[in-house]
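Scroll down for the structure; my scribbles are underneath it.
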Amino acid sequence: MGTQSVHLPQQPKPVKRTGVQVTTALHTIALDLGMKPELLLVPTAKSLSPNPAPTPPNSFDHGVDHFLCYKAKLAKGQPKLPKDLQISFADQFTRPVRRLFVSKPTRLCTAS
């Protein structure tokens, strides 16, 4: 038997992105992002019952995105966030409403 070589298409080189404008519920900020994704967040199952189903969700059964996360920091010249900046949140697992201090961005996750 002979061997067969496979040529994969050349991947584009990662490019550092600077000054990316991100609008949040708090305000719009500019971020500098890392060149390569650092994390991939994928959908998972959730349940309020004590014995949830043991199988992961089928990706064809829902429209939930995957998210690629990049290292992020405030862009050069961007003012620091105020020291007392807080957000409030609640979900079906967190009662009552929780308040968190926002310090600085470390990652930006985008739907992929």
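The values are calculated or read from the model by the stated rules, or taken from the named source; none is laboratory data. On a predicted model such as this, the values are computed, not experimentally measured, just so you know. Because the Cβ atoms are built from the backbone with ideal geometry, glycine has one as well, and the counts that use them run over all protein chains shown. Ligands, DNA and RNA are stripped out before the accessible areas are found, and what is left, the full protein with its side chains, is counted by its heavy atoms. Shrake-Rupley method; radii C 1.70, N 1.55, O 1.52, S 1.80 Å.
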- Has segment 44-66 got at least one residue that is on the phi < 0 side of the Ramachandran plot and in a strand (DSSP E or B)? no
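Please specify each residue of segment 14-31 satisfying the condition of being modelled with pLDDT under 80 and surrounded by fewer than 10 Cβ atoms within 10 Å (Cβ to Cβ). Steps first, answer last, please.
Filtering segment 14-31 down to residues modelled with pLDDT under 80 leaves 14-15, 25-26.
Within segment 14-31, V15, A25 meet the criteria.
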Condition set loosely packed, with under 11 Cβ neighbours inside 10 Å and hydroxyl-bearing (S, T, Y), scope segment 32-63, selection nearest to C109 (Cα to Cα): answer is T44
Output for Cβ contacts, cut-off 9 Å, separation at least six or different chains, first residue closer than 27 Å to A30 by Cα in segment 80-94, second open to solvent by less than 60 Å² (accessible area, probe 1.4 Å) and assigned to a strand (DSSP E or B), reads K80/L74; L81/I29; L81/L74
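For segment 64-81, state whether one or more residues are surrounded by 12 or more Cβ atoms within 10 Å (Cβ to Cβ) and farther than 29 Å from G19 by Cα. Explain how you work it out, then say what you get.
Start the filter on segment 64-81 by keeping residues that are surrounded by 12 or more Cβ atoms within 10 Å (Cβ to Cβ), which leaves 64-75, 78, 81.
The next check asks that each one be farther than 29 Å from G19 by Cα; those that pass are none.
No; the residues of segment 64-81 include none that is surrounded by 12 or more Cβ atoms within 10 Å (Cβ to Cβ) and farther than 29 Å from G19 by Cα.
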Counting only residues in segment 86-109 that are assigned to a loop (DSSP other than H, G, I, E, B) and out of contact with any strand residue (DSSP E or B) (no Cβ under 7 Å at 6 or more places or on another chain), the one nearest to K73 (Cα to Cα) is identified as S103
